[in-house]
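K.L.:
Right, I'll just put the structure down here and ask away after.
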Amino acid sequence: MCCPAPASRAARIVSLCLALCLSSLLPATAGEFPFDRELLLDAYPMKGSKQIPSLGVTRSGRASIVLWCNSVQAQVVLAGDTITILTGPLTERQCPSERMRADDDLLAALLQVSSWRSEGEALVLRGARTMRFRPSTH
């Protein structure tokens, strides 16, 4: 009884190899959600502005979303790679109609987000539209 039988050792090796092969077929893990960081939408500023939308989420799920013109407080609910964003009322800044329409479009896209994943340092949100957020460098 000092050594396991060759058949059981072979079975363990086959099981380990099978587990490794199957894990390579599964989608890559999403990684850790980038809590407590300012994330900027991967987009150019709109003409006449330096503003780029941003997202910040605390570990408790409280979020601050800065849009093209206005901003909104939100609650983010995470479960694995699924995400739900629930927003409160928008601030009421007056901006050019182009930016206000862009706010409405971006907010609608954020409300339709259903999953997230990490790509390097970027956060990718997927729903009706895919959006990429990168850490702020300032």
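The values are calculated or read from the model by the stated rules, or taken from the named source; none is laboratory data. Because the structure is a prediction, the values reported are computed rather than measured. Cβ: placed from backbone, ideal geometry, glycine included. Neighbour counts: every protein chain shown.
K.L.:
Give me the residue from the stretch 80-99 that is hydrophobic (A, V, I, L, M, F, W, C) and at pLDDT 95 or above and, out of that set, farthest from the chain's Cα centre (by Cα).
P.N.:
Pass one, the stretch 80-99, residues hydrophobic (A, V, I, L, M, F, W, C): 83, 85-86, 90, 95.
Right, trim to at pLDDT 95 or above and you get 83, 85-86.
Working: Ile83: 8, Ile85: 11, Leu86: 14 Å.
Looking at residues that are hydrophobic (A, V, I, L, M, F, W, C) and at pLDDT 95 or above, I get Leu86.
K.L.:
Regarding Ala63, is this residue surrounded by 14 or more Cβ atoms within 10 Å (Cβ to Cβ), modelled with pLDDT of 95 or more, within 16 Å of Ser136 (Cβ to Cβ) and within 14 Å of the chain's Cα centre (by Cα)?
P.N.:
On the way: surrounded by 14 or more Cβ atoms within 10 Å (Cβ to Cβ): yes; modelled with pLDDT of 95 or more: yes; within 16 Å of Ser136 (Cβ to Cβ): yes; within 14 Å of the chain's Cα centre (by Cα): yes.
It is true that Ala63 is surrounded by 14 or more Cβ atoms within 10 Å (Cβ to Cβ), modelled with pLDDT of 95 or more, within 16 Å of Ser136 (Cβ to Cβ) and within 14 Å of the chain's Cα centre (by Cα).
K.L.:
Being outside any loop (DSSP other than H, G, I, E, B) and without any contact (Cβ under 8 Å) to a residue 24 or more places away in the chain is the filter here; which residues of the stretch 108-138 pass it? Outline the logic, then answer.
P.N.:
Initial filter on the stretch 108-138 (outside any loop (DSSP other than H, G, I, E, B)): 108-111, 115-119, 122-126, 131-135.
Ala108, Ala109, Glu119, Val124, Arg126 - these are the residues of the stretch 108-138 that are outside any loop (DSSP other than H, G, I, E, B) and without any contact (Cβ under 8 Å) to a residue 24 or more places away in the chain.
K.L.:
Would you mind telling me which numbered condition in (1) free of Cβ contacts under 8 Å to residues at least 24 places away in the same chain; (2) closer than 16 Å to Gly127 by Cβ; (3) β-branched (Val, Ile, Thr); (4) crowded, with 16+ Cβ neighbours inside 10 Å Val77 fails?
P.N.:
(4)
K.L.:
Return the total of residues in the stretch 81-107 being free of Cβ contacts under 8 Å to residues at least 40 places away in the same chain and in contact with a Ser or Thr (Cβ under 6 Å, 6 or more places away or on another chain).
P.N.:
Summing the residues that are free of Cβ contacts under 8 Å to residues at least 40 places away in the same chain and in contact with a Ser or Thr (Cβ under 6 Å, 6 or more places away or on another chain) in the stretch 81-107 gives 2.
K.L.:
Right, here's the next one. Tell me which residues, restricted to the stretch 108-135, are of a type in the set (A, V, I, L, M, F, W, C), in contact with a helix residue (DSSP H, G or I) (Cβ under 9 Å, 6 or more places away or on another chain) and surrounded by fewer than 17 Cβ atoms within 10 Å (Cβ to Cβ).
P.N.:
First pass over the stretch 108-135, keeping only residues of a type in the set (A, V, I, L, M, F, W, C): 108-111, 113, 116, 122-125, 128, 131, 133.
Now narrow it down to the ones that are in contact with a helix residue (DSSP H, G or I) (Cβ under 9 Å, 6 or more places away or on another chain): 125, 128, 131.
Scanning the stretch 108-135 gives a single hit, Ala128.
K.L.:
If you check Asp36, Asp42, which single one turns out to be touching a residue at least 12 places away in the same chain (Cβ under 8 Å) and at positive phi?
P.N.:
Values: Asp42 fails: at positive phi.
Criteria check complete, one pass: Asp36.
K.L.:
Taking the stretch 92-107 only, how many residues are part of a helix (DSSP H, G or I) and touching a helix residue (DSSP H, G or I) at 6+ places or on another chain (Cβ under 9 Å)? Talk me through it step by step, then tell me what you get.
P.N.:
Going through the stretch 92-107, the residues part of a helix (DSSP H, G or I) turn out to be 97-107.
Next cut, touching a helix residue (DSSP H, G or I) at 6+ places or on another chain (Cβ under 9 Å) only: none.
Final tally of qualifying residues: 0.
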